[in-house]
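Report on one structure; see the data block that follows.
The values are calculated or read from the model by the stated rules, or taken from the named source; none is laboratory data. These numbers come from a predicted model, not from an experiment. When we count neighbours, we look across all protein chains shown, and the Cβ atoms used for this are built from the backbone with ideal geometry, even at glycine.
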Amino acid sequence: MGDALALTQRLVGGASRIRWSAKDIERIAERYHVAGTHAASIWRDVAPPAPVLPALKASAGTSASVFTATCTEEVVDRLGDIVFADGVGIANFMKSGTILSQHDGSLPIGRPTRVWRDGNKTRMTATLATEASPVAAQVAALIDARVLRAVSIGFAPVTWKWATDPARKGAIDFLAIDLIEVSVVSCPALPSATIRYRSGAQSRLAGPATGLPGSHGGSGRSPRSRRPQASAPPAHASGHARSRSFDCAVAQRQMLGLVVLVLFALARLTNP
């Protein structure tokens, strides 16, 4: 039967984001010495059930939520795979791609408005349909609360090869992919696939600061970060500080006096 367990682990790792073709599954099954029909049944069994978020009422008058995120980076992800920046195909994604919640095709929450290459990364700006979808409104609220802070891509492999690095046994180098969807997720395969959230005039990071370009006005430049200015302390604050310092000094002097008295008493007892 071959190494069915290893094959299962390989397929489970990417079941929610990689749309393997029948030919790809046969190729992977051959590496793990598993019969093609058995591999196909494994693939059907390991595909995760679609998560369902609790329904919420859409808020009337809620403005559309816009966020910018890093979709891919040419580094090893948690599965040991690498998606090469040169091979990320975005044409079909811009024509008909959607933004999903947790890779669930039944939960579309928005659309991409811009996708671009930034060095070895792929960046995206998207709009969430918070007025039309209760789920989108919930996801936007969770992003705003810094609970959801990452995205993950769903794609179809076009050209790929097995990794030759011994440390990445069973991993795959995706040389070319067809980007299908981008999901707001709880646990991304790529730790650096973080979100920059922008709602109205406010802008804040849902993940580490990355200086994402193109997130302001489509100009390709990052908005200038605004550092909060330290506000002056209230007028009574310095008085409280001085009062606390004075009380502390008095207490120290009182303690010192008590110690001197105790030492003097001990000396009288030992030398009557």
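Go through Ala64, Ala91, Ala85, Ala58 for me and flag whichever is at pLDDT 95 or above, in the same structural domain as Thr122 (by TED's automatic domain parsing), small (Gly, Ala, Ser) and surrounded by 15 or more Cβ atoms within 10 Å (Cβ to Cβ). Explain how you work it out, then say what you get.
Values: Ala64 fails: at pLDDT 95 or above; Ala91 fails: surrounded by 15 or more Cβ atoms within 10 Å (Cβ to Cβ); Ala58 fails: at pLDDT 95 or above.
Going through Ala64, Ala91, Ala85, Ala58 in turn, just one is at pLDDT 95 or above, in the same structural domain as Thr122 (by TED's automatic domain parsing), small (Gly, Ala, Ser) and surrounded by 15 or more Cβ atoms within 10 Å (Cβ to Cβ): Ala85.
Being modelled with pLDDT of 95 or more and within 19 Å of Val66 (Cβ to Cβ): is that true of Val158 here? Reasoning before the result, please.
Details: modelled with pLDDT of 95 or more: yes; within 19 Å of Val66 (Cβ to Cβ): no.
Criteria not met by Val158.
Just need a number here: residues in segment 129-171 that are among the small types (Gly, Ala, Ser), part of a loop (DSSP other than H, G, I, E, B) and without any contact (Cβ under 8 Å) to a residue 12 or more places away in the chain.
First, the residues of segment 129-171 that are among the small types (Gly, Ala, Ser): 129, 132-133, 136-137, 140-141, 145, 150, 152, 154, 156, 163, 167, 170-171.
The next check asks that each one be part of a loop (DSSP other than H, G, I, E, B); those that pass are 129, 132-133, 145, 163, 170-171.
Filter once more, keeping what is without any contact (Cβ under 8 Å) to a residue 12 or more places away in the chain: 145.
Matching residues across segment 129-171 total 1.
Return the only residue of Arg149, Arg168 being within 18 Å of Met124 (Cβ to Cβ) and either outside the structural domain of Arg114 (by TED's automatic domain parsing) or basic (Lys, Arg) (or both). Lay out the reasoning, then the answer.
Details: Arg168 fails: within 18 Å of Met124 (Cβ to Cβ).
Only one candidate qualifies: Arg149.
So which residues in segment 84-103 are assigned to a strand (DSSP E or B) and over 17 Å from the mean Cα position of the chain (by Cα)?
Filtering segment 84-103 down to residues assigned to a strand (DSSP E or B) leaves 88-89, 98-101.
Residues satisfying the conditions are Val88, Gly89, Thr98.
Give me the pairs: first residue in segment 2-17 and at positive phi, second residue assigned to a helix (DSSP H, G or I) and at pLDDT 70 or above, beta-carbon distance under 9 Å, and six or more apart or on different chains, which are they?
Gly2/Ala29
Conditions: (1) among the small types (Gly, Ala, Ser); (2) assigned to a strand (DSSP E or B); (3) at pLDDT 95 or above. Ser192 meets all but one. Number of the miss?
(2)
Looking at this structure, is Asp104 charged (D, E, K, R) and out of contact with any Ser or Thr (no Cβ under 7 Å at 6 or more places or on another chain)? Don't jump to the end; show me each part of the working.
Details: charged (D, E, K, R): yes; out of contact with any Ser or Thr (no Cβ under 7 Å at 6 or more places or on another chain): yes.
Judged against the criteria, Asp104 is a match.
Inspect all residues belonging to segment 73-83 and state whether any of them is basic (Lys, Arg), over 18 Å from the mean Cα position of the chain (by Cα) and under 20 Å from Arg19 (Cα atoms).
no
Take the conditions over 14 Å from Ser152 (Cα atoms) and part of a strand (DSSP E or B) and apply them to Arg123. Does it pass?
no
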